[in-house]
1. Give the residue that is farthest from residue B:92 (Cα to Cα), with candidates limited to residues of the range B:1-35 that are among the β-branched types (Val, Ile, Thr) and in a strand (DSSP E or B).
2. Quick one: residue B:110 ticks every box in (1) surrounded by fewer than 17 Cβ atoms within 10 Å (Cβ to Cβ); (2) under 25 Å from residue B:28 (Cβ atoms); (3) among the small types (Gly, Ala, Ser) except a single one, so which number is it?
3. Give all pairs with beta carbons closer than 6 Å in which a residue from the range A:34-47 that is facing another protein chain (nearest Cβ under 7 Å) meets a residue that is assigned to a strand (DSSP E or B) and of a type in the set (Gly, Ala, Ser); count only pairs at least 6 apart in sequence or on separate chains.
4. Please work out if residue B:83 is open to solvent by 40 Å² or more (accessible area, probe 1.4 Å), of a type outside the set (A, V, I, L, M, F, W, C) and touching a residue at least 60 places away in the same chain (Cβ under 8 Å).
5. I'd like the full set of residues that are surrounded by fewer than 21 Cβ atoms within 10 Å (Cβ to Cβ), over 11 Å from the mean Cα position of the chain (by Cα) and not in a strand (DSSP E or B), limited to the range A:32-60.
6. Given the conditions (1) in contact with a His (Cβ under 8 Å, 6 or more places away or on another chain); (2) part of a loop (DSSP other than H, G, I, E, B), report the number of the one that residue B:60 does not fulfil.
7. If a residue has to be within 13 Å of chain B (Cβ to nearest Cβ), surrounded by 14 or more Cβ atoms within 10 Å (Cβ to Cβ) and in a loop (DSSP other than H, G, I, E, B) to count, how many in the range A:61-101 make the cut?
8. Can you tell me which residues in the range B:89-107 are open to solvent by 10 Å² or more (accessible area, probe 1.4 Å), in a loop (DSSP other than H, G, I, E, B) and at pLDDT 80 or above?
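The values are calculated or read from the model by the stated rules, or taken from the named source; none is laboratory data. All of these numbers come straight from a predicted model, not from anything done at the bench. Cβ atoms come from the backbone with ideal geometry, glycine included; neighbour counts cover every protein chain shown. Heavy atoms of the whole protein, side chains included, go into the accessibility calculation; ligands, DNA and RNA do not. Shrake-Rupley method; radii C 1.70, N 1.55, O 1.52, S 1.80 Å.
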Amino acid sequence: AQSVAQPEDQVNVAEGNPLTVKCTYSVSGNPYLFWYVQYPNRGLQFLLKYITGDNLVKGSYGFEAEFNKSQTSFHLKKPSALVSDSALYFCAVRDSADKLIFGTGTRLQVFP
Amino acid sequence: ETGVTQTPRHLVMGMTNKKSLKCEQHLGHNAMYWYKQSAKKPLELMFVYSLEERVENNSVPSRFSPECPNSSHLFLHLHTLQPEDSALYLCASSRFLWGVEGVGGELFFGEGSRLTVL
């Protein structure tokens, strides 16, 4: 069955430092992968997606994600974290029926 | 502002009450979704509608009853809920089912309705 795993419940990083939020996936066939962000008291917002092509995908708010087929990973990254990046981040994969399967979420806390 | 509006934002109800959650999208989308968000669990897909027709019912208990009177509105009717049903209920929409058209995958979410069942 298709699935995504977000191994970290929470990631803490100091403002100005690079951040990484991890995601691994399990799919049959080519993966379609997504990142969403949920700010406090908000719904989820689409950040970026990987469909095909360049393994480094750029998205909103300076975020990017790196697709690694051999490691079945799609980690979210940002070179310099902002306090305002503090939020809940969800990785998702599209399954064989085109449904979006979401992970458990990772809470990112950026400290001043 | 995502173009998807959910009301009420907060709801407290007893186990014998009947209430409804409402979702409205102003994006001209054809597909709408209900998700349940509980802490430390994956988002749980509940129902999917495409062009007002239900296309997914993910083994959801009958105490949750969806209704999609038109492509802009989606309701979740609640009846005799249990305390474990307390969660954030998210509505989403997409232009096509699962956003599939060539690329797709982008759902637009509302801010959610926080439900507490006493």
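1. Residues of the range B:1-35 among the β-branched types (Val, Ile, Thr): B:2, B:4-5, B:7, B:12, B:16.
When the remaining residues are screened for being in a strand (DSSP E or B), the result is B:4-5, B:7, B:12.
Numbers: B:4: 7, B:5: 9, B:7: 13, B:12: 22 Å.
Per the stated criteria, the residue is B:12.
2. Among (1) surrounded by fewer than 17 Cβ atoms within 10 Å (Cβ to Cβ); (2) under 25 Å from residue B:28 (Cβ atoms); (3) among the small types (Gly, Ala, Ser), residue B:110 violates only (1).
3. Sorted first by the residue in the range A:34-47, then by its partner, the pairs are A:34/A:92.
4. Working: open to solvent by 40 Å² or more (accessible area, probe 1.4 Å): yes; of a type outside the set (A, V, I, L, M, F, W, C): yes; touching a residue at least 60 places away in the same chain (Cβ under 8 Å): yes.
So residue B:83 fits the description; yes.
5. Within the range A:32-60, A:39, A:40, A:41, A:42, A:51, A:52, A:53, A:54, A:55, A:60 qualify.
6. Result: residue B:60 passes all but (1).
7. 3
8. B:95, B:96, B:106
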